[in-house]
Amino acid sequence: MRVHQIQMVLAVLALSGAVQVQGGVQEVHNVYELSGQIAHKARFSTDVAEDKYTPPEEMDPQFWYDLANEEINKRLALPKLDTKMAKNVIMFLGDGMPLTTVTAARILKGQRQGKTGEESSLSFEKFPHTGLSRTYCSNAQVPDSACTATAYLCGVKTNIINIGVSAAVNFNNCTASQDPANRLTSIAEWAQNAGKATGIVTTTTLTHASPSGAYAKTANRMWECDTDVTNYGVDASSCIDMATQLVTQTPGKNFDIMFGGGMGKFLPKTIQDSHGKAGERSDGVNLLSKWQSQHKGGVLVSNRKQLLSVNVSAVGNIIGLFQSQLMKFHIDADETYQPTLSELTEVTIKKLSQNENGYFAFIEGGLIDYGNHYTQAGYALDEALEFEKAIQLARDITDIEDTLIVVTADHGHAVSIAGYPGRGTDILGINRHDTDINGVQYSVLNYAAGPNQYLDENGQRIPLDGILGDVDSIAPSYIPKDQGVHSGEDVGIWASGPQSYLFTGVMQQSTIPHLMAYASCIGNGQKFCDKTA
């Protein structure tokens with residue numbers, strides 16, 4: 001920007017009280033910027049700035065008094081469940097779902113319904129109890145999905161990239177990962193030991209980091225099959241890959257339900273899977289044949305039609321592998337071929353509910369993370385909305401008196417909503433009420449790091465009209481990088497059902513499985529049943 005332009009902008013800011021020329025702390029709140037009029041002022045336009053939209057009903061103070069009373073009455077009418085045990089526990093995990101993504105998904109939900117959006121709510125936001133989870137891992141300020149899965153499923157924080165082993169294990173150290181002193185058990189195993197049914201559901205692969213926290217013990221989250229182990233310079237004959245652990249070891253071999261992608265990790269390279277691609281294993285082992293031989297009444301399904309045709313009362317264990325690798329984004333998927341997360345959730349609950357002792361289910365919306373990594377916020381938000389639909393379904397078809405539902409995220413992503421956009425601004429679009437110092441409007445959603453900074457040959461930001469707004473648009477980022485990165489802030493926890501009041505305040509992520517175990521009277525730690533015995 002030329003010197004005289006900067007001087008003129010500073011003059012405008014000074015008129016609004018946004019800049020002090022004296023020493024000390026300077027005022028930063030600019031009323032023209034907050035009202036949206038700076039977008040015109042900075043360009044030195046004589047046009048009258050358009051006021052931000054206010055819904056007419058919100059102009060009446062009584063609207064807010066009535067809303068407050070409504071929310072108070074909802075809380076007063078909540079069932080008092082702190083004296084009940086949780087027979088069943090369902091843990092929903094939104095992978096890579098920071099509070100910013102929750103807020104943006106809420107807005108998108110409302111805007112899809114023709115509303116301004118900000119006033120909408122996601123299903124789990126209506127749960128009565130809310131807390132925060134501290135996501136750092138033993139050697140990482142900002143974590144990955146492996147060390148976090150170990151925390152929220154095994155109850156122990158560990159090093160980044162580790163799954164199911166303690167922080168005494170370093171990256172890629174197979175020997176240390178096999179030391180019994182370093183190996184952990186998960187809440188899924190605690191539930192099985194108590195005679196409960198168990199299941200894992202994901203939209204990634206069954207051997208991905210998050211679901212693997214329920215069964216795997218590994219020094220490298222990438223050891224999904226034997227070929228992967230070899231590729232990281234480790235002897236696959238002595239270090240058991242995660243797919244093999246799932247099929248042959250406890251607790252994986254005892255899961256009643258396993259739904260996700262990643263069929264290739266279970267089949268040799270010489271076999272074509274149900275989706276037309278070659279398997280990935282080098283050892284020649286067909287783990288799906290092995291699984292079926294171990295579960296005589298077990299059923300393997302690989303598409304939506306097969307899934308929905310299963311009579312859960314007439315079969316034993318069920319494994320569903322709906323893509324060769326990761327499942328597809330909901331937006332891109334063939335809805336007649338790939339089941340939705342809600343459909344996977346419904347079949348899971350119906351099957352697990354047959355166990356009179358109750359059940360534990362882990363259900364992951366795993367592709368929220370991928371949308372944020374791609375800095376394609378539209379994908380991330382749509383996946384979050386599919387996630388919240390599954391949670392609503394689960395709450396609708398279970399009994400709040402005996403089923404505890406806990407919703408959380410493993411880690412955040414470096415995405416922000418910023419710049420004072422007015423009510424109803426397209427959450428995937430451009431902030432029409434503010435500009436940068438050069439007078440260029442900018443995106444509502446922005447990532448700290450990512451592949452596209454939208455700069456011209458002089459390094460100046462370009463206008464984004466015609467670029468943003470579509471669900472697959474790549475949002476702007478500040479730091480040039482091939483993909484978006486995780487963030488280290490706390491993530492939300494939402495809980496409903498017996499003992500859900502425990503999930504309030506700020507807690508270590510590793511406390512979450514211990515609270516679920518307490519509520520359902522499983523594991524070797526404190527139990528609600530001990531208190532009431």
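Contact annotation: residue pairs with Cβ atoms under 9 Å, 6 or more positions apart or on different chains, pairing a residue in region 160-181 that is of a type in the set (Asp, Glu) with a partner that is part of a loop (DSSP other than H, G, I, E, B), are Asp179/Ala168; Asp179/Val169. The set of residues in region 250-272 that are surrounded by fewer than 19 Cβ atoms within 10 Å (Cβ to Cβ) and within 17 Å of Asn286 (Cβ to Cβ) comprises Lys253, Lys269, Thr270, Ile271, Gln272. Could you give me the residue pairs with C-beta distances under 6 Å whose first residue belongs to region 117-144 and is within 13 Å of Phe503 (Cα to Cα), whose second residue is open to solvent by 50 Å² or more (accessible area, probe 1.4 Å) and assigned to a helix (DSSP H, G or I) wherever it lies, and which are 6+ apart or on separate chains? Matching pairs, first to second residue: His129/Tyr501. Would you point out the residue of region 356-405, among those that are within 26 Å of Tyr447 (Cα to Cα) and of a type in the set (A, V, I, L, M), that is nearest to the chain's Cα centre (by Cα)? Filtering first and then ranking leaves Ile368.
Taken over region 47-97, the residue count meeting the criterion of being open to solvent by 80 Å² or more (accessible area, probe 1.4 Å), in contact with a Ser or Thr (Cβ under 9 Å, 6 or more places away or on another chain) and within 26 Å of Leu352 (Cα to Cα) is 1.
Residue count for region 173-211, restricted to those that are open to solvent by less than 40 Å² (accessible area, probe 1.4 Å) and either in a helix (DSSP H, G or I) or of a type outside the set (A, V, I, L, M) (or both): 24.
When you check Ser473 against the structure, is it in contact with a strand residue (DSSP E or B) (Cβ under 8 Å, 6 or more places away or on another chain) and under 27 Å from Glu118 (Cβ atoms), yes or no? Spelling it out, it is not the case that Ser473 is in contact with a strand residue (DSSP E or B) (Cβ under 8 Å, 6 or more places away or on another chain) and under 27 Å from Glu118 (Cβ atoms). Given the criterion free of Cβ contacts under 8 Å to residues at least 12 places away in the same chain and open to solvent by less than 60 Å² (accessible area, probe 1.4 Å), identify the matching residue among Ala361, Ala333. After applying the criteria, what remains is Ala333.
Between Val312, Val285, Val234, the distinction of being of a type in the set (A, V, I, L, M), assigned to a loop (DSSP other than H, G, I, E, B) and farther than 30 Å from Asn159 by Cβ belongs to Val312 only. If the condition is being open to solvent by 10 Å² or more (accessible area, probe 1.4 Å) and within 22 Å of Thr398 (Cβ to Cβ), then region 482-499 contributes only Trp494. Here region 107-148 is the region considered, the condition is being in a helix (DSSP H, G or I) and within 14 Å of the chain's Cα centre (by Cα), and the residue that is nearest to Gly366 (Cα to Cα) is Ser145.
The values are calculated or read from the model by the stated rules, or taken from the named source; none is laboratory data. Please read these numbers as outputs of a predicted model, since none were measured by experiment. Cβ: placed from backbone, ideal geometry, glycine included. Neighbour counts: every protein chain shown. Only protein heavy atoms, including side chains, enter the accessible area calculation; ligands, DNA and RNA are left aside. Shrake-Rupley method; radii C 1.70, N 1.55, O 1.52, S 1.80 Å.
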